[in-house]
1. Among B:Gln51, B:Gln14, B:Gln39, whose mean-square fluctuation peaks in a Gaussian network model of chain B (Cα, cutoff 10 Å)?
2. About its Cα centre, how strong a charge dipole does chain A have in debye, to the nearest 20, once Lys and Arg get +1 and Asp and Glu get -1 at the Cβ?
3. Could you tally the net charge around B:Ile49, taking each other residue with its Cβ under 12 Å from the Cβ of B:Ile49, Lys/Arg +1 and Asp/Glu -1?
4. Taking beta carbons within 10 Å but only from partner chains, what does the mean come to for residues B:35-43?
5. Could you give the alpha-carbon Rg of the protein assembly as shown over 2.2 N^0.38 Å, rounded to two decimals?
6. Grab the other residues whose beta carbon is less than 12 angstrom from that of A:Ser9, score K and R as +1, D and E as -1, and report the net.
7. From the backbone phi of region A:19-27, what are the Karplus-calculated ³J(HN,Hα) couplings (6.51 cos²θ - 1.76 cosθ + 1.60, θ = phi - 60°) in whole Hz, Gly and Pro given as x?
8. If we count trypsin sites (Lys or Arg not before Pro) as exposed when they sit in a DSSP loop and have at most 12 other beta carbons within 10 Å, what is the longest stretch of chain A that avoids them all?
Amino acid sequence: GAVVSQHPSWVICKSGTSVKIECRSLDFQATTMFWYRQFPKQSLMLMATSNEGSKATYEQGVEKDKFLINHASLTLSTLTVTSAHPEDSSFYICSATKGGAQETQYFGPGTRLLVL
Amino acid sequence: AQKITQTQPGMFVQEKEAVTLDCTYDTSDPSYGLFWYKQPSSGEMIFLIYQGSYDQQNATEGRYSLNFQKARKSANLVISASQLGDSAMYFCAMREDRDDKIIFGKGTRLHILP
């Protein structure tokens, strides 16, 4: 199978602090990783596409200075929510793909962020 | 423009009945893939089924089948013999082969009644 993990699974933090979320592909090398955000009862919204060793490509409307993405290796990508505010509270999900047109994305279990 | 449309925000189906979840899509790319994912209350995204734009036959995976009508740009998910554990949110998604991004529809919440 293809397993993707995320850490932490949930986090509560004070407004103004920064939070780092890790996404790891455990049994495969991920050519590309993706970060999504999901508000309650809504769909997944793609935030950015991350390729190992290069800068992330952010979707329109996503602040790159607010959501820092680092893709240091073929098995690890991190999302840092800088100076988090209550409106950043959401469910953040990463996914990874092995590459190839017919490859699905394998999703991590998600991270619930609550900013107080 | 919205690329994936799921017109059913919620559905209630009796256990053991078949259910069809609707999905239409829009793309100018001749090469693309269509996906269905299940998201239970735990939040994890579970991959169900994939259909490539050039696939001649409808995809099937166990109780799941994808009714692919290319001319109508339709990719409905059919779940046969529904079970209580099928209650979840279901997302239709598309990836245009010119890039790796998967774009999701708004989802359909399926409730299976005992």
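Taken together, the values in this text are just the output of simple stated rules run on the coordinates, not laboratory data. Because the structure is predicted, anything quoted here is derived from the model rather than measured. Because the Cβ atoms are built from the backbone with ideal geometry, glycine has one as well, and the counts that use them run over all protein chains shown.
1. B:Gln14
2. 180 debye
3. 0
4. 3
5. 1.02
6. -1
7. 10, 10, 10, 9, 10, 10, 8, 8, 10
8. Formally, the longest exposed-site-free interval is A:56-116.
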